1. Taking into account only those residues within the range A:110-140 that are open to solvent by 60 Å² or more (accessible area, probe 1.4 Å) and out of contact with any Ser or Thr (no Cβ under 9 Å at 6 or more places or on another chain), which is farthest from A:SER52 (Cα to Cα)?
2. Give me the pairs: first residue in the range A:238-256 and at negative phi, second residue exposed (fewer than 15 other Cβ atoms within 10 Å of the Cβ) and outside any helix (DSSP H, G or I), beta-carbon distance under 7 Å, and six or more apart or on different chains, which are they?
3. Are any residues in the range B:33-75 in contact with a strand residue (DSSP E or B) (Cβ under 9 Å, 6 or more places away or on another chain), assigned to a loop (DSSP other than H, G, I, E, B) and hydrophobic (A, V, I, L, M, F, W, C), and if so, which ones?
4. For the list (1) within 11 Å of chain A (Cβ to nearest Cβ); (2) free of Cβ contacts under 8 Å to residues at least 40 places away in the same chain; (3) closer than 17 Å to B:ALA7 by Cα, I need the number of the one condition that B:ALA50 fails.
5. Does at least one position in the range B:103-121 carry a residue that is under 15 Å from B:ILE5 (Cα atoms), open to solvent by less than 40 Å² (accessible area, probe 1.4 Å) and either outside any loop (DSSP other than H, G, I, E, B) or within 14 Å of another protein chain (Cβ to nearest Cβ) (or both)?
6. Residues to consider are B:ILE39, B:ILE28; find the one that is within 27 Å of A:LYS74 (Cβ to Cβ), open to solvent by 10 Å² or more (accessible area, probe 1.4 Å), free of Cβ contacts under 8 Å to residues at least 40 places away in the same chain and away from every other protein chain (no Cβ under 14 Å).
7. Report, by residue number, each residue of the range A:3-18 that is of a type in the set (Val, Ile, Thr) and open to solvent by 30 Å² or more (accessible area, probe 1.4 Å).
8. At least 3 residues that are of a type in the set (Val, Ile, Thr) and within 14 Å of another protein chain (Cβ to nearest Cβ) in each: list the helices (runs of 4 or more DSSP H) lying fully within the range A:17-129 that qualify.
Amino acid sequence: MIITIASGKGGTGKTLISTSLALSLKDDYGVTLADCDVEEPNAGIFLKPQISGSESVDIMVPVVAEEKCTFCGKCAKVCAFNAIAVLGSHVLTFPQLCHGCGACSYLCPEKAITEEARHIGVVEWGDARGIKFIQGILTVGEAMAPPVISRVKEHESEQDIIIRDAPPGTSCPVVETVRGSDFCLLLTEPTPFGLNDLKLAVETVRELDIPFGVVINRTGAGDAGVENYCQEEKIHVLMTIPLDTEIARLYSRGVVLVEGMPEWKSRFIQLYNDIKEKVDA
Amino acid sequence: MKIAISATGTTLENDVDARFGRCSYFIIVDPETMEYEYIDNASSQAGGGAGVAAAQMIVGKGVEAVLTGSCGPNAYNVLSPAGIKVITGVAGRIGDVIEDYKEGRYKESSEANVSAHHGKS
């Protein structure tokens, strides 16, 4: 069972939910928590894992041997990301734009292009209070999150309940995280921003054909827009979390909600059972 | 010798587009004769590397200078080695900009004036 915790808008409580869900389930199930927000992984701040292993994430980028090159321009033409430019008798490469697809070297008629590894991040894993913890860390300044996320996913233990903490937004890193999930929980807040970004997130998971439900965080503030939207679209709101100073205080101290307020544990177990029922249905 | 200007439209009455790689059009003009053509910028909606692709296309046009609002490092690193002067911070009606260029009111930029991905919406 793979559950991805995603959101359009940032700061709506993805990590709050994923850490509490993981800790609530760990006594009864094997649990993997995969922090796929590789630009700013923060689940570790709450779970304080003992890291026991790590590996480098590299992508293969082109190196052009100009003495073999006839400057035909084919490599530049086939590059979907404009990471290679042919100018008269020079070839320029832009490694930071390269997605590592290998089309340029594969299609070069002169075999003038080889590939070299470029380090873009690391994946770390370890144990966090009985939870298998994995996180990806994209090197600061790098733009290519999906290869790091895909490596995080390779380390998940299939027999576990896998909880993926997704990056915010709806772009490639989110799609890479959500891909292959059995269920997606979309976090939002009852504000016009929350609603706008929830709609984008809903469009994304519908396109990916993944069952989903909504959690509304900080209820009691804002307006009824999100609730009305969910009703109109027949989207199941699986949990609401009130705007509460105590919850915010715990979070700001790095305490997982279900540890600081154990009365929440049964609600997270219920949340899992609701998800399971939807997935099995 | 011709120059290229990033443009919001297809005539000299339109304004300079503030973005280089993701501008709507390029106006290629000979400032002496004011003869010009426009080019749709095929890179304006590129997923990535719009500046590189636009710059490569401009290099193929054999211009001596590019006038634009902002130019990022990737585009600059294609244009500059190709011997094309890059002039940034340019704004206003294209016809007026060409007059200013002829009178030598613009100074060549020695580096990109914005970071990569600046014009990406």
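1. Checking each candidate, the answer is A:GLU116.
2. A:PRO242/A:GLY220; A:LEU243/A:GLY220; A:LEU243/A:ALA221
3. B:VAL63, B:CYS71
4. Answer for B:ALA50: the failing condition is (2).
5. Checking the range B:103-121: not a single residue is under 15 Å from B:ILE5 (Cα atoms), open to solvent by less than 40 Å² (accessible area, probe 1.4 Å) and either outside any loop (DSSP other than H, G, I, E, B) or within 14 Å of another protein chain (Cβ to nearest Cβ) (or both).
6. Just one listed residue meets the conditions, B:ILE39.
7. Hits for the range A:3-18: nothing passes.
8. In the range A:17-129, there are no helices (runs of 4 or more DSSP H) which contain 3 or more residues that are of a type in the set (Val, Ile, Thr) and within 14 Å of another protein chain (Cβ to nearest Cβ).
The values are calculated or read from the model by the stated rules, or taken from the named source; none is laboratory data. Worth saying up front: this structure is predicted, and the values here are computed from it rather than measured. Methodologically, a virtual Cβ is constructed for each residue, glycine included, from the backbone with ideal geometry; neighbour enumeration extends over all protein chains shown. Keep in mind that these areas ignore ligands, DNA and RNA; they rest on the heavy atoms of the full protein, side chains included. Shrake-Rupley method; radii C 1.70, N 1.55, O 1.52, S 1.80 Å.
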